Structures are given as structure tokens and as C-alpha cells.
Amino acid sequence: MNRALSILIILIALSGCGSSLTLPPEKEQLQSLAKASANNPDWKVNQSQAYSFLKGKCPALEALSLDKTFPLWFLALRKTFEKCNYSPEQLEKRWSQLPSIPSWAAEDFNKRMELVARKNQLKKMQAHFLVQMSKPIVIPKEKTQLMQRAIKLDPKNQSYRKRLYKLAPRFSKRVNRSNIYAVARDFEKAREFKKARGYYQKIIKQKKYSFALKIKAFNRYRTSFKVERNLDEFILQTEAMVRFIGKKRSGSPKNEEFKKAYTTSMIDWARAVWTDHRRGEAREKLTRLINSKIEDPENEALIYWLLGVMAIEGKKHRLALDHFEKGNTFDIEDTDLKEKIHWAIGWTYYLQKDYKKAAGFFDTTYHQYDAGGFRNKLHFWAGRSYKKAGESSKATNTWEELLSVDSYGYYGILTHMELGKPLSPLDPGKDQSKNPEIEILEWLIALKETKLSHAFLKSFQKTLVSPSAIKDHLNLFKKAGYYEGGIKNFFKLKGEDRERAMRSHLGSAFPRPYKRSVNRAARKFKISPYLIYSISRQESAFNPSIRSWADAFGVMQMTPERAVILSKRHRVPYNKVGDLFHPKTNILLGTSLLRELKNKFQNKFIATVAGYNASERVVKVWYRQRYNGDPIQFIEMIPYKETQNYVKLVFRNFITYKRLESKDQFLVKSDIFKKF
């Protein structure tokens with residue numbers, strides 16, 4: 001389908017998508033379109049299909065549903081069930097002869113068919129479509145609820161029951177050796193802790209279950225108390241697990257499975273005690289364990305790292321360094337643990353103000369890693385350590401090298417700041433990709449079938465496996481308003497591919513939707529629109545329909561409880577939870593929260609952003625305990641890893657959006673973190 005037809009369909013769609021056309025395109029528009037499409041032999045056919053579809057008359061829809069040359073034949077089929085007055089018998093017959101619906105469109109189709117079946121009181125068919133609706137859903141609770149509704153409508157269908165028992169084993173009529181752990185785990189997920197613990201205890205106590213399954217069950221048993229926020233019982237049951245495994249180990253001291261399980265459980269016990277602010281007791285347990293010669297390199301390295309972190313907490317940097325360096329002597333396969341130890345060694349040198357050693361360690365170590373965020377982090381701090389050590393030329397050379405591989409990221413922006421280099425304005429790019437025209441998507445966009453166009457792209461993106469394929473199709477995500485997909489696919493690109501894509505597809509990586517709502521909120525609450533975009537991008541990737549596990553909703557991930565308070569305080573219209581799915585309302589509420597945080601934290605960028613992600617109380621504690629006047633150093637010392645990364649990414653977003661809006665180059669000054 002060519003561009004002219006797309007325009008025609010959009011004009012028709014805008015003129016009314018009901019049962020008839022009320023404002024057809026003007027004569028001049030049609031003549032222009034006809035002239036532009038003179039070389040397209042299928043244009044008249046496509047035009048006819050478009051008119052037939054949008055008029056929505058039953059015979060025309062039936063004909064289109066059988067015409068496989070029509071890209072949206074399945075949508076026409078759906079509309080026949082919704083618009084044609086079929087009898088219940090006709091509906092059942094047509095449903096029995098359904099062709100295969102494209103997988104990406106099946107979810108929408110099944111939802112619509114369930115409504116039709118319900119309207120016509122066809123209980124068995126309604127149950128059938130409820131089961132089909134459950135298949136693509138990823139949230140277990142929602143899957144289970146749909147299956148329960150289906151069984152209630154068609155109680156004699158045994159296949160539905162089997163599917164329910166597989167999805168939610170706690171509903172199984174029989175609990176036996178093969179499913180007891182799954183049943184217990186499912187009760188735990190459903191927060192029916194008493195029942196879950198009863199089954200876990202059976203596994204732990206009965207001889208017929210393997211040692212591996214007993215440990216699995218004991219781990220879940222103790223963790224269930226933590227999930228229930230009963231920390232005291234969690235610690236007691238962690239100790240009980242250590243004693244349980246200890247007895248097994250005493251009876252078979254050479255059994256490797258028992259030895260490894262005992263070491264792991266002791267580490268878990270020490271960490272649990274540590275979270276209860278009993279650092280000395282935790283340190284004692286780990287020291288006793290490491291002195292017992294456990295002969296387990298990964299766990300030995302982990303123990304030394306934990307002891308080092310505890311020493312840092314106690315301001316004993318020299319002791320911490322000894323522990324970290326001992327941990328670094330082991331051959332570690334766990335990449336995450338290796339990164340933690342390497343960072344801890346260099347960082348401890350830095351905190352001790354032994355900047356030469358810090359620079360040398362960071363400089364040597366970053367070369368061991370492939371391109372990526374951790375390498376850039378080490379690279380930046382090598383430069384900063386050189387600068388602190390008075391070796392400015394080495395610092396400059398190190399940072400210039402970093403800019404050649406990371407000019408847009410968090411550490412690249414900090415490097416511009418350190419070198420006093422201005423940042424140039426950025427062009428979002430016109431997204432003139434080389435992608436072949438995807439006819440189905442063009443129709444869906446033109447007809448404003450937003451959910452279906454997003455579903456199509458979610459499926460289509462699985463075919464984009466090479467960097468060139470991703471770059472050639474990035475514009476589609478932005479065009480369809482599927483910003484989340486555009487961001488996700490852009491950041492699949494690595495290294496030089498991403499750097500090149502930045503020059504032509506920045507609008508896909510950093511989109512700016514809902515401009516009117518953002519600008520309105522920015523004016524009302526005197527908050528930079530760059531910050532609103534930056535927070536929204538990180539919170540939801542601009543998905544207005546998203547709902548988190550913590551029951552936060554929409555573009556800026558607002559909770560209903562907070563929305564009620566903010567709406568009253570700032571006179572933002574808000575009546576029900578569903579309002580949070582409207583970008584206009586959500587952005588106003590989210591921006592009002594940013595205004596409050598900015599006021600409370602006296603315009604401090606880091607505290608405002610961290611407060612949006614974590615609680616205001618813990619942010620105040622971090623500043624009191626960890627801030628020494630250096631904001632860049634403080635960010636690295638934020639103890640919540642999620643919040644630390646969040647602050648870094650929001651800052652990167654903030655500067656990038658400023659560059660996209662700026663006409664002139666500008667300097668990023670270090671006081672931006674203290675007051676913005």
C-alpha cells in the first residue's frame with residue numbers, strides 16, 4: 001500500500017468510523033490522491049476495500065473477511081460477529097469454521113468474541129474464548145481468574161480443569177510426591193502462607209523426599225516469613241535451616257552436597273542477621289566459616305566481599321581492602337561478583353584518598369572488560385583518580401578515550417563536565433529508514449487501531465535480529481506510538497552500532513510524546529519538561545496502560561493512594577483508578593509530586609530524583625550518612641542499586657532531552673546536582 005492510500009484511509013478514518021461516512025474527503029483531495037497513485041494498479045481495489053471496511057455494512061464486511069488480499073481480513077471477520085445480527089446457531093456454526101487468526105491479533109479477537117458469546121448467552125463458547133484469552137497473559141493471578149470463570153461456565157469440561165491445575169497447582173484435588181512442592185509454592189505466591197508452610201514442612205520432615213528438594217522447601221519456608229515482613233521469624237528459621245543441614249553434614253562430613261549447602265546456608269544466616277543491624281554477629285559467623293577451609297572458591301570470594309563491605313560500613317577501609325584483595329585472588333565465574341570485587345578494590349583506594357593506587361587499579365582493570373556500562377564506569381573513575389592524584393594529562397587522555405566510545409551515556413556526560421567541554425545540540429533524526437512498507441501496520445495506524453498496531457510490532461520485532469534490521473525499522477515504533485518498543489530495540493544495538501544510530505534515530509531512543517500535557521504540567525508546577533520526560537521514560541517508557549507489581553499506574557507510575565492526596569492538594573481532577581491511565585491526569589499528578597520533592601530537598605537534583613524512586617525518609621538518611629559534598633561520589637554510594645542506577649539514567653535522559661530541545665551548545669556544570 002503506497003503513501004497516497006495511507007493518506008486516503010486516514011482521511012476516511014478521521015471523517016467517521018461508524019456505520020456510514022459523514023464527511024468524505026473533498027474532491028480536490030481525491031483528485032490529488034488519484035494523480036499520486038496513477039502508477040499503482042491496485043489502488044482502486046484498495047480504495048474500494050477501505051470504503052467497504054469503514055462503512056461497516058454486514059455484506060461488505062463478510063466479503064472482506066473472505067478476501068485474503070485485504071490486509072485486515074481478520075479485523076473484518078471480527079466486525080462481522082460484532083455488527084451482523086447472527087442467531088446463536090449461526091454464531092456457533094461460524095465459530096466452528098474459524099480460520100487461523102494471526103497470533104499477534106488473537107488476543108484482541110478472543111476478547112471481542114467472548115463479549116459476543118456473553119451477549120448471546122452462549123456459555124460454552126464464552127468459556128472457550130476465556131481459555132483462549134488466558135494463554136498470552138503472563139500474570140498468574142489473571143490467568144487463574146480467567147480459567148476459573150471458564151470452569152464455572154462449562155463445569156463438565158475436564159481439559160479446563162487440567163489446565164487450571166497446571167497453572168495453579170493449589171487447586172489440584174490430589175497432592176502427591178510429584179506436585180507437592182509446586183502446590184506449596186503456589187499457595188505461597190497466593191499469600192496463603194499457612195497452607196504453603198504446611199506442605200513445605202511435610203517435604204522437610206518426610207524421608208521420601210530428596211535432600212535437594214528439602215533444601216528448596218526450607219529456603220522457601222524461611223523466605224515466606226520475609227515476604228510476610230516477619231523479619232524475626234525469618235532469621236529464626238534461617239538458623240533452623242543451618243542446624244538442619246549441619247546435622248546432615250556431621251553424619252556425612254565428606255558429602256560435597258551437604259558441605260556446599262551448609263556453606264550457602266551459613267552465608268544466608270549471616271546476611272539475615274546483618275539486615276537486622278547485628279553486623280558484629282554476622283561478621284563473626286562469616287569469619288568462623290572462612291576459617292573452616294570450605295574449599296569453595298565462589299563462596300570464599302563472596303564471603304571476603306561481604307566482610308569487606310561490613311568493614312566499609314565500620315569505616316575500617318584498610319581492613320576492607322584486605323578482604324576485597326583476598327576475594328580477588330580466587331578464580332570467579334560469577335561475573336556480577338567479579339565486578340563487585342573489582343569495583344570495591346578501586347573504590348576503597350579512592351575513599352582512602354590513595355588516588356594513585358585507585359587510578360592504577362581502575363586503569364588496569366577496565367581493560368579486562370568488554371565495552372559496556374561497567375567498563376565505562378571504571379574508565380571514568382580512572383580519569384577522576386588521575387585528576388585527584390595531580391596527573392591532569394593522564395586524566396585528560398583517559399577521558400578523551402572514554403568519549404570516543406561513550407559520548408551519550410551517563411559517564412560520557414560526566415566526562416564532558418570534567419573536561420569543561422560543551423555539549424552540542426542533538427537532532428532527533430527524521431527516521432528515514434530503509435524499511436519495506438509493512439502494509440498491515442499502515443492500515444492499522446491509519447484506522448487508529450492502536451492496540452493492534454502495538455501487538456503487531458511486538459510480534460514483528462522478534463524478526464529483527466541484526467543491527468541493520470533494527471535500524472531499518474526503528475521508525476515504525478515511533479510512527480505507531482509504541483515508544484516502549486522503539487526504546488527497547490534501540491538499546492539492543494551495541495557499541496559502534498548504537499553510536500551511529502544515535503545520529504539518525506535519536507527520536508526513537510528518546511521520544512517526546514504527550515507534548516501538550518507535559519508542557520502544561522511543566523508550566524503549572526514550574527518543573528523542567530526535560531525532567532518530566534526523563535522520569536516518564538524511565539518509569540514506563542511512555543506506556544500509558546502499564547501497571548507495576550507495586551500497583552503503580554501509567555506514564556509516571558502513580559499509585560492510587562498517592563494520587564488521592566496529590567489531587568486534593570494541587571487541585572488535579574481525579575475520580576478513580578482508571579484516570580491514571582490517561583496521560584494528561586497522570587503527568588499532572590507525577591509532576592506535582594516532583595514539585596513537592598524539589599521543594600523538600602531544596603532543589604537538589606539527586607535527592608529529588610532518588611525520592612521519586614525510593615522513600616523520602618531513606619534519601620534523607622543517605623545524605624546524612626554518606627554525603628561529603630561531592631555529588632558525583634555520592635551517587636556511587638547510594639546503597640539501593642536500583643535507585644543508584646535510576647538516578648544515573650534519569651540524569652542521562654535529562655541532559656539528552658535538553659540537547660534535543662537546545663539550539664546552541666551548552667556546558668553542564670557540576671552545580672547542576674546541587675541546584676537545578
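Since every read-out is calculated from the coordinates, none of them should be taken as a lab result. Just so it is clear, the structure is predicted and the values come from calculations on it, not from any experiment. Cβ atoms come from the backbone with ideal geometry, glycine included; neighbour counts cover every protein chain shown.
Hand me the chymotrypsin sites (Phe, Trp or Tyr not before Pro) from region 563-659 located in a DSSP loop with no more than 16 other Cβ atoms within 10 Å, in residue order please.
Counting only loop positions with at most 16 other Cβ atoms within 10 Å, the chymotrypsin sites (Phe, Trp or Tyr not before Pro) in region 563-659 are Tyr627, Tyr640.
Given a Förster radius of 60 Å and the C-beta distance between Lys207 and Ile632 as r, what FRET efficiency does 1/(1 + (r/R0)^6) yield to the nearest 0.05? Walk me through the numbers before you get to the answer.
Details: r = 58 Å, r/R0 = 0.97.
Given R0 = 60 Å and the Cβ-Cβ separation, E is 0.55.
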*Place +1 on the Cβ of every Lys and Arg and -1 on the Cβ of every Asp and Glu in region 229-419, take the dipole about the Cα centre, and give the residue among His342, Gly246, Ser392 whose Cα lies farthest towards its positive end.*
Gly246
*Additional length obtainable on full extension of the chain from Ser466 to Glu92, 0.36 nm per residue less Cα span*: 130.2 nm
*Determine the dipole magnitude for region 270-334: charges of +1 sit on the beta-carbon of Lys and Arg, -1 on that of Asp and Glu, nothing else is charged, the reference point is the Cα centre, and the result goes in debye to the nearest 20.*
540 debye
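For Ser459 and Glu284, FRET efficiency with R0 = 60 Å and r from the beta-carbon atoms, rounded to 0.05?
Values: r = 55 Å, r/R0 = 0.92.
With a Förster radius of 60 Å, E is 0.60.
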*Amide proton proximity set for Leu423, modelled H, under 5 Å, gap of 5+*: Phe666, Leu667, Val668
*Once the Cα atoms of helix 256-275 and of the chain are each reduced to a long axis, what angle between those two axes, in degrees from 0 to 90 to the nearest 10, is obtained?*
90 degrees
*At what distance in nm do the modelled label points of Lys124 and Arg318 sit from each other, each positioned 7 Å from its Cα along Cα→Cβ?*
8.4 nm
*Counting other Cβ atoms within 10 Å, keep those with at most 15, restrict to DSSP loop, and tell me which trypsin sites (Lys or Arg not before Pro) in region 472-502 are left.*
Lys492, Lys494
*Simple Cβ-charge dipole of the chain, Lys/Arg +1 and Asp/Glu -1, about Cα centre, in debye nearest 20*: 2700 debye
*Output the peptides 90-101, 443-454 sorted from most to least packed, where packing is the average of other Cβ atoms within 10 Å over each peptide's residues.*
443-454, 90-101
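Between Ser615 and Lys247, what length comes free when the chain is fully extended (0.36 nm per residue of separation minus the Cα-Cα distance, one decimal in nm)? Present the calculation step by step, with values, prior to reporting the outcome.
Numbers: separation 368, 0.36 × 368 = 132.48 nm, distance 4.26 nm.
Net length gain for the segment: 128.2 nm.
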*Describe numerically, in nm with one decimal, the distance between label points set 7 Å from Cα along Cα→Cβ at Gln352 and at Ser407.*
3.9 nm
*Quick one: of Lys123/Lys458; Lys166/Lys488; Lys387/Lys421; Lys316/Lys600, which pairs are farther than 24 Å apart, Cα to Cα?*
Lys123/Lys458; Lys166/Lys488; Lys316/Lys600
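Please identify the trypsin sites (Lys or Arg not before Pro) of region 281-322 that satisfy two criteria: DSSP loop assignment and at most 14 other Cβ atoms within 10 Å. Which are they? Spell out each step's value before the answer.
On the way: sites: Arg283, Lys285, Arg288, Lys293, Lys315, Lys316, Arg318; in loops: Lys293, Lys315, Lys316.
Taking region 281-322 and a limit of 14 other Cβ atoms within 10 Å, the loop trypsin sites (Lys or Arg not before Pro) found are Lys293, Lys315, Lys316.
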*By how many degrees, between 0 and 90 and to the nearest 10, does the Cα long axis of helix 529-540 differ from the longest principal axis of the chain?*
90 degrees
*Under a plain spin-label model, where a point goes 7 Å from the Cα along Cα-to-Cβ, how far apart in nm are Ile672 and Ser178?*
6.1 nm
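As a check on your grasp of the helix formula, calculate [θ] at 222 nm for the chain: sum -39500 (n - 2.57) over DSSP H runs of n ≥ 4, divide by the residue count, round to the nearest 500. Walk me through the numbers on the way to the answer.
Working: 36 runs with 460 residues, N = 676.
Theoretical 222 nm ellipticity from helices: -21500 deg cm²/dmol.
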*First measure r as the distance between the Cβ atoms of His582 and Glu499, then evaluate 1/(1 + (r/R0)^6) with R0 = 60 Å and state the FRET efficiency to the nearest 0.05.*
0.95
*Just how far, in whole angstrom, is region 240-309 from region 94-138 if you go by their alpha carbon centroids?*
53 Å
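Given all pairs of different Cα atoms, what value in angstroms does the Kirkwood hydrodynamic radius of region 191-247 take? Walk me through the numbers before you get to the answer.
Numbers: mean 1/r = 0.0878 Å⁻¹.
The Cα-based Kirkwood calculation yields 11.4 Å.
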_Distance cut-off 23 Å, Cα to Cα: go down the list Lys494/Lys604; Lys260/Lys285; Lys208/Lys247 and report the pairs above it._
Lys494/Lys604
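Just how large is the dipole of region 229-419 about the Cα centre, in debye to the nearest 20, putting +1 at every Lys and Arg Cβ and -1 at every Asp and Glu Cβ? Don't skip to the end; give the middle numbers.
Details: 30 positive and 29 negative charges, 157 e Å.
That gives region 229-419 a dipole magnitude of about 760 debye.
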*Starting from the Cα-Cα distance between Lys254 and Ser103, subtract it from 0.36 nm times their residue separation and give me the gain in nm to one decimal.*
49.0 nm
*Would you mind counting up the charge near Phe553? Only other residues with Cβ under 12 Å from its Cβ, with Lys and Arg at +1 and Asp and Glu at -1.*
-1
*Proximal aspartates and glutamates relative to Lys526, as straight alpha-carbon distance under 18 Å, when same-chain residues fewer than 8 apart are discounted*: Glu596, Glu661
*Using just the C-alpha positions of the chain as equal point scatterers, what log10 of I(q)/I(0) does the Debye formula give at each q in 0.07, 0.09 1/Å?*
-0.66, -1.05
*³J(HN,Hα) computed for each position of region 604-610 - Karplus, 6.51 cos²θ - 1.76 cosθ + 1.60, integer Hz, glycine/proline x*: 6, 4, 4, 5, 4, 5, 4
